[in-house]
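Single-structure report; data block below.
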Amino acid sequence: MTDTIFHIYNRGVEKRKVYMDDNDYQRFIFSLGLFNSQNPTNPNIHRDSSVMEVGLPSRTEDQVVEIMAFCLMSNHYHLMIRPRIESGLTVFMRKLGTGYTNYFNLRYKRVGSLFQGIYKQRPITTDEHFNWLPHYIHSNPFDGSPTSITEYPWSSYGEYAGMSKYPDIVDTSFLSSWFESSENFKKETAQWLASEKQGINVNDLALGD
């Protein structure tokens, strides 16, 4: 199923927070790059508190999935992913879930599951779902303020809006060609959000400025 795009999501067990501070958010984002490889991962990597300081590995052809979009909220995450190899999604999500949980449990001196069971996966089977998903993922931080999406640091919104921060993690090639330009992406996100949150004036949202 290497041609299928998936919406992947999960939340903390008992709806608990899975990111307690900026370091946790950064660690999970780092993990998106670190574990996206066919090469074995050092089983003790979760013990290295300075692992992020060495920088992310560059995107290579041995990646097991194509990460198109992501958003991390305090107690859950959303990913838009397409496998690059057979079983790539399973391999990646197993490494990601185990690696981050081990890091989190070690840091906060806890044991047991961190996430609410196995991750949820929904294949994208229609154009409507495909058009909807990137905007839904990137609009998760919306709290009513004009900049709650554009200035949110823990999503891939900037990769498509001309403010790239995670080029070695997010593969924008497919979606960028779909949206054609960063301005068009910002405009479509604002329009989608306005239609979902009826009563919002799209001109009041700072998504296209």
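Where a number appears in this text, it was derived from the coordinates with a stated rule and is not lab data. Keep in mind it's a predicted model, so treat the numbers as computed, not measured. When we count neighbours, we look across all protein chains shown, and the Cβ atoms used for this are built from the backbone with ideal geometry, even at glycine.
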Lysines whose Cα lies under 17 Å from that of LYS165, excluding same-chain neighbours fewer than 8 positions away: LYS186
Alpha-carbon radius of gyration plus Dmax, which is the widest Cα pair, for segment 106-150 in Å: 16.3, 45
Taking loop as defined by DSSP and a crowding limit of 15 other beta carbons within 10 Å, which trypsin sites (Lys or Arg not before Pro) in segment 103-150 fit? LYS109, ARG110
What number, rounded to the nearest 500 deg cm²/dmol, is the helix-based mean residue ellipticity at 222 nm of the chain, given -39500 (n - 2.57) per DSSP H run of at least four residues and division by all its residues? -10500 deg cm²/dmol
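Calculate, in whole percent, how much of the Cα-Cα pair population of the chain lies beyond 24 Å. Could the numbers behind the result be given before it?
Numbers: 8994 of 21736 pairs.
Above the 24 Å cut-off, the chain has 41 percent of its Cα pairs.
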Pairwise centroid distance, computed over Cα atoms, of segment 1-37 with segment 104-142, Å: 7
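Based on Cβ point charges of +1 for Lys and Arg and -1 for Asp and Glu, what charge dipole magnitude is obtained for the chain about its Cα centre, in debye rounded to the nearest 20?
On the way: 20 positive and 24 negative charges, 220 e Å.
Using only the charged Cβ atoms, the result is roughly 1060 debye.
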Which residues among segment 105-135 fall inside the zone where the amide N is under 18 Å from a point 7 Å beyond the Cα of MET20, along Cα→Cβ? 105-116
Obtain the nm distance between the two label points defined at GLU86 and GLU183 by a simple spin-label model: each point lies 7 Å from its Cα along the Cα-to-C-beta direction. 4.7
Using a cut-off of 19 Å between alpha-carbon atoms, which lysines can reach LYS120, once sequence neighbours fewer than 8 places away in the same chain are excluded? LYS15, LYS17, LYS95
By the DSSP-based rule, helices of the chain that are at least 24 Å long along the axis (C-alpha) and have a mean Kyte score of at least -1.0 are 88-108
